[in-house]
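Data first, discussion second: the structure below is written as structure tokens.
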Amino acid sequence: TVYLDHNATTRPVPEAVAAMVQALQQCWANPSSTHEPGQDARRLLAQARGRVAAFLGCQAAEVVFTSGATEANHMALLGALKAGTRRRLVLSAVEHPGLLALGLRLGAEGVPVDFIPVDAQGRLDLAAARSLIRDDVALVSVMGANNETGVLMPVAELAALAHAAGAWMHVDATQLAGKAPLSFAASGADLMSVSAHKLGGPKGVGALLVRKGLPLPPLLAGRQERHRRGGTENLPGIAGFAAACKRAAATLAADIARMEALRRRLEEALLAALPGVHVYGRAAERLCNTLCLRFGTLDAEQVLSQLERAGIVASSGAACSAGGTQPSHVLRAMGESPLHAKAGVRLSLGPDTTPEHIAAAIAAATGRLRPLLAQAAAAPQ
Ligand code: PLP
């Protein structure tokens with residue numbers, strides 16, 4: 001199988017698996033215990049924290065380990081509302097469904113929530129952001145890169161707007177980590193969410209980076225993580241996360257260059273070979289690994305099942321629910337019709353994607369989709 005769904009999750013790298021097994025077998029004591037095995041576990045936790053911090057460009061004391069980006073996002077939004085008297089939230093319209101769902105829930109509970117629109121390329125509307133970020137805003141929360149289109153968001157500009165209004169800035173950097181150079185210190189953000197499983201680490205672990213001195217109340221009470229996140233630490237997961245960060249730090253520049261070249265090859269080949277291919281965010285700054293496109297108006301489900309039959313797995317941004325397939329909210333926010341927003345397919349590459357994988361994907365897509373596109377073109381409208 002050719003796996004082109006790295007934005008959904010990635011295969012854990014061998015270093016991460018080895019670190020997890022070692023933590024499970026040899027360092028399974030509780031890091032809060034004062035005896036010697038406990039102190040060994042505590043040292044492993046500190047070492048892992050240092051590695052994660054080095055990779056993400058922050059201080060070790062700014063790392064709060066969580067169960068993943070979803071929890072980190074909840075901690076940021078709910079904490080910001082609890083920290084002071086300001087009530088308003090400003091999010092982008094294209095946030096991850098988990099964060100968007102929380103925003104909508106808070107909205108239903110009476111919290112004023114505003115959404116910054118994007119243009120047809122998926123770029124954030126900074127003029128709209130400027131008018132929405134006023135002095136009653138508690139938190140501005142925007143993703144670093146969109147998980148469906150890969151389009152990058154103007155984090156530094158938003159952080160400046162947020163700070164000028166006296167608000168905090170949170171970045172959901174889940175899709176940036178491991179695919180773009182990333183520095184919490186340089187970003188201007190006060191809070192940043194990341195997830196281990198998107199960069200070669202295990203699932204169920206991630207972090208919220210909290211700027212030193214920021215009075216963020218915890219989501220889970222308890223004394224771990226400097227009283228910022230209660231619960232015995234997931235040491236095997238954290239060790240795996242740290243090992244993945246250490247490897248990514250060493251290979252990032254080469255990974256980015258390779259993924260970018262392969263993505264370009266895939267994109268150009270599909271545009272040249274098939275009629276009616278539309279690439280989302282083509283004029284925008286995008287992640288090196290992400291190609292979001294539609295093949296005419298062919299339904300994403302149909303495209304994905306054809307590709308899978310040829311051994312290529314990918315995904316769509318459309319959400320499946322009991323009521324059938326829902327068009328992607330990201331493509332809808334970019335102005336696409338419901339029909340087009342159900343046709344968006346995402347091919348996302350990883351550091352282990354090879355030229356052979358890309359050749360296979362091009363062959364599968366052109367071979368299997370050309371007849372379907374011809375059929376659709378011949379059908380009466
Ligand atoms: N935020 C973004 C932008 C994502 O792409 C994802 C991945 O699904 C998440 C948050 C959720 O991360 P996790 O699986 O660690 O909760």
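Every read-out reported here was derived from the displayed coordinates using simple, explicitly stated rules and does not represent laboratory data. In this text, all values refer to a predicted model and were calculated from it rather than measured experimentally. With ideal geometry, Cβ positions are generated from the backbone for all residues, glycine too; neighbour counts draw on all protein chains shown.
Tabulated data
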quantity: Estimated FRET transfer efficiency when R0 is 30 angstrom, pair A250-E308 (beta carbons, to 0.05); calculated: 0.35
quantity: Helix runs (DSSP H) in the chain reaching 15 Å along axis by Cα, Kyte-Doolittle at least 0.5; calculated: 97-108, 235-273, 355-378
quantity: Residues M75, M259, sorted so that the one with the fewest Cβ neighbours within 10 Å comes first; calculated: M259, M75
quantity: Sequence of K82, K212, K342, K179 once ranked by neighbouring C-beta atoms within 10 Å, starting from the fewest; calculated: K212, K82, K342, K179
quantity: When each of K82/K203; K212/K342; K246/K342; K212/K246 is checked by Cα-Cα distance, pairs over 31 Å; calculated: K212/K342; K246/K342
quantity: Euclidean distance between Cα centres, region 198-221 to region 28-75, Å; calculated: 10
quantity: Once the Cα gyration tensor of region 14-248 is diagonalised, semi-axes √(5λ) in Å; calculated: 32, 19, 14
quantity: Listed residues P154, G98, A61: farthest to the positive end of the dipole of region 14-248 (Cβ charges); calculated: A61
quantity: Among beta bridges that DSSP assigns inside the chain, antiparallel share in %, nearest 5; calculated: 55
quantity: When region 257-381 is reduced to its Cα atoms, the Kirkwood hydrodynamic radius in Å; calculated: 14.9
quantity: Considering only region 102-182, percent of DSSP beta bridges that pair antiparallel, nearest 5; calculated: 25
